[in-house]
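Chemist: Let me give you the structure first, and then I'll get to my questions.
The values are calculated or read from the model by the stated rules, or taken from the named source; none is laboratory data. Because the structure is a prediction, the values reported are computed rather than measured. Counting neighbours? That spans all protein chains shown, and the Cβs are built from the backbone with ideal geometry, glycine included. SASA here: full protein model, heavy atoms, side chains in, ligands and nucleic acids out. Shrake-Rupley method; radii C 1.70, N 1.55, O 1.52, S 1.80 Å.
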Amino acid sequence: MITPVISATGLWTPAQSVSNAELVESFNAWADKWNAEHAAEIEAGTLEPKTHSSVEFIEKASGIKSRFVVDKTGIVDPDMMRPNIPERPNDQISVLAEIAVNAAREALDRAGRDPKDVDAVLCAASNMQRGYPAMAVEIQDALGIDGFGFDMNVACSSATFGIQTGADFVRSGSARSVLMVNPEICSGHLNFTDRDSHFIFGDVATAVLIEAEDIAPAEHWKILGTHLKTQFSNNIRNNFGFLNRCAPDGIGAEDKLFVQEGRKVFKEVVPMVAKMIIAELERLELEAPNLRRMWLHQANANMNRLIASKVLGREATPDESPTVLDTYANTSSAGSIIAFHKHSDDMVAGDKGLICSFGAGYSAGTVFVEKAA
Ligand code: COA
């Protein structure tokens, strides 16, 4: 059987970032304006006034301090409260494809891989820019890759599901080199007027090159085992879709953006993921203390602390479970890949680690890896 490995990763980070203080300032200005506009209803008791957001709450509840975004101007404008991303004509590369290409180029460069030698492109992300043609096919074209591409969406778990899919292609012989990309413009689906969640997300793109071991560069990552799980839940949901225009009340309602029951997500997903990691460790005959590092999905620092401590039986050190959400926020499927990309250069041959994702669906994925050479 052909053995799949991870040859390289790539990361593209937007140039603009928004701090908690900037985000809270625009939210509070928007809330004051909303309250003034609805003063009569608030006075009559038919509407609740909007309450201010706070920097302290955001950092304590989530661990997020800042986030990178494709466009800051619209987000910090209390009259807009959404990113300003102009539509492009069909003969220009789309924004989502462009950022994926940026991350992909880095992964290809790091692996010393010519795009002509890539067989397949998987675009695995929470939000695709359009129905069709598939983003993956546009990315394939922009990079000059022969072969095939398609999109897959498993929300925050898209990357681990994409890695397993790419690895299965390599194992079966249907591709020898698979480029898996995660362009996430999460600011586009975030309701910046929702106090409970306006701080959660950021934008980024990541890429992972999965290849047959015999063509991979000497410095690569063995894939020790992958495991995927889904379990239906409405606690994280986004109802945006092409059928919205058919509803008699039209589009634009708040549930067409990201909505969640954050507390329930926290309570239900932590045990599900910890159980899955522990079962996978057993199946692969690995011991938690032998894991050099865990690159966990980056949604909430407290959630990661709890998952890591359930797996290790003690608090993980920042070196064992690195955090990137303080500067990137939640970047959906890309989070664990950013952590892996930024915090793996110091690992040596034989070091083992875990890439782990979890999120809407619910969905969860584990990819155990070992540094080769
Ligand atoms: N600023 C100030 N206070 C805020 C606030 C804000 N922006 N948002 C909420 N609060 C208040 C609430 O009103 C509430 O006040 P109350 O106790 O007086 O009612 C209090 O803070 C606690 O709110 P709660 O929503 O229960 O916070 P939390 O501690 O559960 O943290 C999350 C919220 C979203 C950070 C947390 O639940 C979480 O991370 N959940 C998992 C999210 C996740 O992983 N989602 C996956 C997405 S892909």
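Chemist: Residue farthest toward the positive end of the dipole of the chain, with Cβ of Lys/Arg at +1 and Asp/Glu at -1: which of 209, 225, 27?
Modeler: The Cα lying farthest towards the positive end belongs to 225.
Chemist: Can you work out the accessible area per residue across region 73-154, with the rest of the protein chains kept in place, probe 1.4 Å, in square angstrom?
Modeler: That works out to 51 Å² per residue.
Chemist: Taking springs between alpha-carbon atoms closer than 10 angstrom, which of 265, 324, 69 fluctuates most in the Gaussian network model of the chain?
Modeler: Fluctuation is largest for 265.
Chemist: Moving on. Please work out the Cα center distance from region 36-60 to region 96-146, rounded to the nearest Å.
Modeler: Centre-to-centre distance over Cα atoms comes out at 43 Å.
Chemist: At a 1.4 Å probe radius, which order do 342, 72, 60 fall into by accessible area, largest first?
Modeler: Working: 342 105, 72 50, 60 165 Å².
Ranked from most to least accessible, the order is 60, 342, 72.
Chemist: Per residue, how much accessible surface does region 222-372 expose to a 1.4 Å probe? Answer in Å², no decimals.
Modeler: Using a 1.4 Å probe on heavy atoms only, each residue of region 222-372 averages 47 Å².
Chemist: What are the ³J(HN,Hα) values, in whole Hz, obtained from phi via the Karplus relation 6.51 cos²θ - 1.76 cosθ + 1.60 with θ = phi - 60°, for each residue of region 299-312 in sequence order, with x given for Gly and Pro?
Modeler: Rounded to whole hertz, the list is 10, 7, 5, 5, 4, 5, 4, 5, 4, 4, 6, 5, 6, 8.
Chemist: Can you list the HN-Hα couplings for region 24-36, worked out from phi with the Karplus curve (6.51, -1.76, 1.60; θ = phi - 60°), rounded to whole Hz and with x for Gly and Pro?
Modeler: 5, 4, 6, 4, 5, 5, 5, 5, 4, 5, 4, 5, 5
Chemist: May I ask which of 275/310; 342/371; 50/72; 222/352 have a Cα-Cα span longer than 20 Å here?
Modeler: On the way: 275/310 9 Å; 342/371 15 Å; 50/72 23 Å; 222/352 9 Å.
Check vs 20 Å cut-off fails for 50/72.
Chemist: Which order do you get for 48, 268, 320 if you rank them by accessible area with a 1.4 Å probe, largest at the top?
Modeler: Result, largest first: 48, 268, 320.
Chemist: Using a simple spin-label model with points 7 Å from Cα along the Cα→Cβ vector, what separation in nm is obtained for residue 93 and residue 214?
Modeler: My value for the distance between the label points is 3.3 nm.
Chemist: Moving on. Please report, as a whole percent, how much of the solvent-accessible surface of region 222-372 comes from carbon and sulfur atoms (probe radius 1.4 Å).
Modeler: Percent of accessible area from carbon and sulfur atoms in region 222-372: 52.
Chemist: Follow-up. Between residue 22 and residue 37, 0.36 nm times their residue separation minus their Cα-Cα distance comes to what?
Modeler: 3.1 nm
Chemist: Of 254, 280, 43, which has the most accessible area and how do the rest follow, probe 1.4 Å?
Modeler: 43, 254, 280
Chemist: Can you work out the Karplus-derived ³J(HN,Hα) for every residue in region 7-23? Use 6.51 cos²θ - 1.76 cosθ + 1.60 with θ = phi - 60°, whole Hz, and x for glycine or proline.
Modeler: Per residue, the Karplus-derived 3J(HN,Hα) values read 7, 5, 10, x, 9, 10, 10, x, 6, 9, 9, 10, 7, 4, 4, 5, 5 Hz.
Chemist: Still on this structure, please answer the following. For every helix of n ≥ 4 consecutive DSSP H residues, a contribution of -39,500 (n - 2.57) applies; sum these over the chain, divide by its total residues, and give [θ] at 222 nm rounded to the nearest 500 deg cm²/dmol.
Modeler: So the helix-based figure for the chain works out to -10000 deg cm²/dmol.
Chemist: Same structure again: If each of residue 47 and residue 234 carries a label point 7 Å out from its Cα toward its Cβ, how far apart are those two points in nm?
Modeler: Calculated label separation equals 2.7 nm.
Chemist: How large is the accessible surface of residue 121 in square angstrom, using a 1.4 angstrom probe and rounding to the nearest 10?
Modeler: For residue 121, solvent-accessible area is about 0 Å².
Chemist: Quick one: accessible surface of residue 176, probe radius 1.4 Å, all protein chains present, in square angstrom to the nearest 10.
Modeler: Only protein atoms counted, so the area is about 90 Å².
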